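Single-structure report; data block below.
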Amino acid sequence: MFSKSLIRQFALTIHRRQLHDKAHPRILITGGCGQLGVPLAKRLRQLYGTENVVLSDIVRPSDELLRQGTYRYADVMDVKQVQELLVNNQIDWLIHLSALLSAVGERDVPLAMKLNIEGTHNILELARKYKCRLFIPSTIGAFGPESPRNPTPDFCIQRPRTIYGVSKVHAELLGEYFFHRYGVDFRCLRFPGIISADTKPGGGTTDYAIEIFHEALKAGAYKCYLRGNTRLPMMWIDDCIQSIVDIMEAPDSKLKQRTYNVSAMSFTPDELTKAIQKYKPNFKISYQPDDRQKIADSWPEVFDDHNAREHWKWNPKVDLDGLVQRMFEYLEKHKNF
Ligand SMILES: NC(=O)c1ccc[n+]([C@@H]2O[C@H](COP(=O)([O-])OP(=O)(O)OC[C@H]3O[C@@H](n4cnc5c(N)ncnc54)[C@H](O)[C@@H]3O)[C@@H](O)[C@H]2O)c1
């Protein structure tokens, strides 16, 4: 019924597919419709093949996101939903992004506890059961007022004062415990504020550094909820995505610890304003600090990430001027403000 050449071609396709599947990890991202998940899925699909990356979340995805590859509904508080995805897709790498961020977490502590703590328990158990390499991001918010703030090293006292920070210290410690106790290949990076142009921030304390660009283009002015001299570590989104790829690809022998600080730059709203005024000389900023000021005042000002740079060659590319240039280029081109 089928010609020999057709059968040969079919066999070759299957063979290539098997080779491909073996060469690349199969990846599940939870909470993937947020600021980090969307660009991360795009990059991982470029690197490992569209068919090897499953994006999941509890929100309705955009048409564009659906066109980019497989999307599945998965609530991380329902262990069976995530389990089913892991099994059916033979997942090797689990990237757990679902979380309530710092400012929104303070507004709904019970939900933050459920999502950030119980949700993480579910994910850790599944990574153990199915032997997945597990990535969970942590944050500068995992430090507190008693931590050294300039610079903040990988290992120091961590007594955060937000439920977000407490839940992230919990994830760091439990992930490391699962590594030592059960051999779970847990990998964790503490991120600073992440700045992106094409995805919206999820309600963190560093969001001002994104909103300011939209308002600079829309209104020529911005009212900042932090004081002008509030220094915080920040990173451009492409560097953040690259750091996840680098830590996930790093051979075990390079990892001398399971949780690393990563940073790229540190600036204050005053300094960001000066950098913006190079492009928009008439831009004006005013200050009206709110409840987020207290959070920012307990966070690192400068993040010491020399271990990441030494152990697995972390090397961010974008500085403050590069960030400002990229934001304006993107927002003006796409009229996305
Ligand atoms: N964005 C930053 O500046 C930053 C900095 C440090 C660390 N991080 C960490 O990176 C991760 C991703 O951050 P983000 O900025 O993309 O956050 P985000 O708020 O933009 O996205 C989080 C996603 O989680 C989803 N979610 C909520 N409840 C869920 C549930 N029950 N089950 C499954 N998904 C659920 C949301 O729908 C959302 O799409 C978080 O863990 C965050 O703590 C982010």
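Just a few scattered comments:
- Which numbered condition ASP246 fails, given (1) more than 13 Å from the ligand (Cβ to nearest atom); (2) in a loop (DSSP other than H, G, I, E, B): (2)
To keep it simple, each residue is scored yes or no on (1) farther than 17 Å from ARG187 by Cα; (2) in contact (Cβ under 8 Å) with a residue 60 or more places away in the chain; (3) in contact with a Cys (Cβ under 7 Å, 6 or more places away or on another chain).
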{"residue": "ASN89", "(1), (2), (3)": "yes, yes, no"}
{"residue": "ASP92", "(1), (2), (3)": "no, yes, yes"}
{"residue": "SER98", "(1), (2), (3)": "no, yes, no"}
{"residue": "GLY105", "(1), (2), (3)": "yes, yes, no"}
{"residue": "PRO110", "(1), (2), (3)": "yes, no, no"}
{"residue": "ILE123", "(1), (2), (3)": "no, yes, no"}
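- Residue check for ASN88: more than 8 Å from the ligand (Cβ to nearest atom), of a type outside the set (A, V, I, L, M), buried (at least 23 other Cβ atoms within 10 Å of the Cβ) and farther than 23 Å from THR259 by Cβ: no
- Pairs, first within 19 Å of ILE27 (Cβ to Cβ) and part of a loop (DSSP other than H, G, I, E, B) in segment 54-71, second more than 10 Å from the ligand (Cβ to nearest atom) and β-branched (Val, Ile, Thr), C-beta under 7 Å, six or more apart: GLY69/THR50; GLY69/VAL53; THR70/VAL54
- If the condition is being part of a loop (DSSP other than H, G, I, E, B), modelled with pLDDT of 95 or more and not charged (D, E, K, R), then segment 178-204 contributes GLY183, VAL184, PRO192, SER196, ALA197.
- Any hit, segment 205-219, residues being of a type outside the set (Ser, Thr, Tyr), over 27 Å from PHE143 (Cα atoms), touching a helix residue (DSSP H, G or I) at 6+ places or on another chain (Cβ under 6 Å) and crowded, with 23+ Cβ neighbours inside 10 Å: yes
- Of all residues making up segment 249-271, the number that are assigned to a helix (DSSP H, G or I) and touching a residue at least 40 places away in the same chain (Cβ under 8 Å): 5
- Flag if PRO110 is modelled with pLDDT of 95 or more, more than 29 Å from ASN89 (Cα to Cα), more than 10 Å from the ligand (Cβ to nearest atom) and part of a helix (DSSP H, G or I): yes
Every residue, every condition in (1) in contact with a Ser or Thr (Cβ under 7 Å, 6 or more places away or on another chain); (2) touching a residue at least 60 places away in the same chain (Cβ under 8 Å); (3) among the aromatic types (Phe, Trp, Tyr); (4) surrounded by 22 or more Cβ atoms within 10 Å (Cβ to Cβ), yes or no:
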{"site": "GLU146", "(1), (2), (3), (4)": "no, no, no, no"}
{"site": "PRO151", "(1), (2), (3), (4)": "no, yes, no, no"}
{"site": "GLN158", "(1), (2), (3), (4)": "yes, no, no, no"}
{"site": "GLU176", "(1), (2), (3), (4)": "yes, yes, no, no"}
{"site": "ARG190", "(1), (2), (3), (4)": "yes, yes, no, yes"}
{"site": "ASP198", "(1), (2), (3), (4)": "no, yes, no, no"}
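- Residues satisfying the stated conditions in segment 113-136, i.e. farther than 18 Å from THR259 by Cβ and either buried (at least 22 other Cβ atoms within 10 Å of the Cβ) or not aromatic (Phe, Trp, Tyr) (or both): MET113, LYS114, LEU115, GLU118, GLY119, ASN122, GLU125, LEU126, LYS129, LYS131
The values are calculated or read from the model by the stated rules, or taken from the named source; none is laboratory data. Here the structure is a predicted model, which is why all the values come from computation and not from measurement. We place every Cβ from the backbone using ideal geometry, glycine too, and count neighbours over all the protein chains shown.
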